[in-house]
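Student: One structure, pasted below without further comment.
Laboratory data are not the source of any read-out in this text; all were calculated from the coordinates shown. Remember, it's a predicted structure, so these values are computed and weren't measured experimentally. Cβ atoms come from the backbone with ideal geometry, glycine included; neighbour counts cover every protein chain shown.
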Amino acid sequence: MVCRVVVLVSGTGTLLQALIDTRASQDLGAELVAVGSDRSGCGGLTRAERAGIPTFVHPLERGADRAEWDAGLVDRVAAFAPDLVVCAGYMKLFGEAFLERYAGRIVNSHPALLPSFPGPHGVRDALAHGVKMTGASIILVDAGVDTGVIVDQVAVPVADDDTEDTLHERIKISEQKLLTDTVRRMAGGNWHVDGRRFRWDGSDDDGE
Ligand code: GRF
């Protein structure tokens with residue numbers, strides 16, 4: 001059974017594009033069954049449409065009931081029966097219903113080395129702190145802000161003349177490979193979580 005993946009996006013969708021390109025080269029081992037967004041017209045949706053992947057938009061309107069919005073998101077996503085939900089630059093927090101329904105199966109990519117610099121400005125915050133090394137992290141989403149179990153990470157050095165934009169662009173190159181590699185491996189299903197430790201089964205990386 002091929003692993004079914006729903007990807008959620010809010011932005012330009014370069015991470016999604018990496019997944020699409022990897023799929024095109026028959027290398028992802030997973031089916032991208034739908035792409036959803038909270039923002040109509042975002043670049044990620046256009047990329048999905050171009051690739052022939054079904055899309056949906058589920059915006060959080062100002063003043064809307066958050067729990068209702070969250071339950072609606074469960075319905076939109078569940079319609080595609082995913083095994084994994086991948087947040088690729090998706091900028092909304094999930095509510096209880098969504099977290100319960102997809103517990104342990106929601107993957108998020110974050111542009112910093114967690115647990116340092118969580119939240120929406122990970123690149124800016126790392127730069128402002130003066131770190132020499134930052135990177136990207138893939139985590140399993142839990143109820144906190146970027147607090148979930150760490151699946152994998154990649155380090156990216158900070159250059160003296162980096163701005164938030166130049167650093168983020170460089171991180172995104174490493175982040176794209178990290179995300180596609182991680183989704184491919186997770187789609188294979190040979191992994192488990194042991195407390196806060198993510199383990200690949202039957203490989204040297206399981207630390208046994
Ligand atoms: C990624 O760095 C992601 O971690 C962050 O926003 C970026 C998404 O870029 N939250 P894109 O929309 O995939 O181009």
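Student: List every residue whose amide H lies under 5 Å from the amide H of Ser10, counting only residues 5 or more places away in sequence or on a different chain, with H placed 1.01 Å from N in the peptide plane.
Tutor: It is Tyr90, Met91, by chain and number.
Student: Something else now. Per-residue HN-Hα couplings for region 153-168, Karplus 6.51 cos²θ - 1.76 cosθ + 1.60 at θ = phi - 60°, whole Hz, x for Gly and Pro?
Tutor: Whole-Hz 3J(HN,Hα) from phi for region 153-168: 9, 9, 9, 9, x, 8, 8, 4, 9, 5, 9, 4, 5, 5, 5, 5.
Student: Also, I was wondering about something else. Given the peptides 120-132, 136-148, arrange them by the average over their residues of other C-beta atoms within 10 Å, most packed first.
Tutor: The densest-packed peptide leads the list: 136-148, 120-132.
Student: Still on this model: With n ≥ 4 as the cut-off for DSSP H runs, can you work out [θ] at 222 nm for the chain, using -39500 (n - 2.57) per run divided by the number of residues, rounded to the nearest 500? The partial results should precede the final answer.
Tutor: Details: 6 runs with 70 residues, N = 208.
My calculation for the chain gives -10500 deg cm²/dmol from helical runs alone.
Student: From the phi of every residue in region 10-17, what ³J(HN,Hα) in whole Hz does the Karplus formula 6.51 cos²θ - 1.76 cosθ + 1.60 yield, where θ is phi - 60° and glycine or proline is x?
Tutor: 10, x, 6, x, 6, 5, 4, 4
Student: Can you tell me the length gained on complete extension of the stretch Thr46 to Arg105, counting 0.36 nm per residue apart and subtracting the Cα distance? Before the final figure, lay out the partial values.
Tutor: Details: separation 59, 0.36 × 59 = 21.24 nm, distance 2.52 nm.
Extra length available between Thr46 and Arg105 comes to 18.7 nm.
Student: On to the next question. Under a crude label model (7 Å from the Cα following the beta-carbon direction), how far is Met91 from Arg199 in nanometres?
Tutor: Here the answer is 3.9 nm between the modelled labels.
Student: Kindly provide the GluC sites (Glu not before Pro) of region 10-72 that DSSP labels as loop, not H, G, I, E or B, and whose Cβ sees at most 16 other Cβ atoms within 10 Å.
Tutor: Details: sites: Glu31, Glu49, Glu61, Glu68; in loops: Glu61.
The qualifying sites are Glu61.
Student: Only bridges with both residues in the chain count here: give the DSSP antiparallel percent, nearest 5. Walk me through the numbers on the way to the answer.
Tutor: Numbers: 15 of 33 bridges.
So the antiparallel bridges in the chain amount to around 45 percent.
Student: List the extent of the Cα atoms of region 68-182 along each of their three principal axes, largest first, rounded to whole Å.
Tutor: 47, 26, 21
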